[in-house]
Amino acid sequence: MFSLPLHVTATAAAANMEKQETSAGASNANVFLEAPQQLIKEGSWLLRRCTKPNQKEYLKIVQAVVLGFLVMGFVGYFTKLIHIPINNIIVGGA
């Protein structure tokens, strides 16, 4: 990738600042028009960069998800297991 000489980029930045200062009212309208365009541009860039996981990556993701389900299941089970007798003591078996 090439870069422009410093004086060219500084001149372009100064011209851009002058244009922004002179069109303050129009810039507010441009913000509403540029935001969706920027979102679409960045979203399409992200989709181009993304790739499908290969089998090794996919199995690692599946392993992590299954482990998460098991851990959360055991946490919920033991929480409920402890909660039931405590609830019976507090409520009195009503």
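The values are calculated or read from the model by the stated rules, or taken from the named source; none is laboratory data. Since the structure is predicted, the reported quantities are computational estimates derived from the model, not experimental observations. Cβ placement follows ideal geometry from the backbone for every residue including glycine, while neighbour counts extend to all protein chains displayed. The protein model used for the area step is the full one, side chains on, heavy atoms only, and it has no ligands, DNA or RNA in it. Shrake-Rupley method; radii C 1.70, N 1.55, O 1.52, S 1.80 Å.
None of I84, I40 is assigned to a helix (DSSP H, G or I) and modelled with pLDDT of 90 or more except I40. The test for being at pLDDT below 85, exposed (fewer than 10 other Cβ atoms within 10 Å of the Cβ) and aliphatic (A, V, I, L, M) does not hold for A29. For region 37-94, the set of residues classified as open to solvent by 100 Å² or more (accessible area, probe 1.4 Å) and either over 34 Å from the mean Cα position of the chain (by Cα) or of a type in the set (V, I, T) (or both) consists of I40, T51, I82, I89, I90, A94, listed by residue number.
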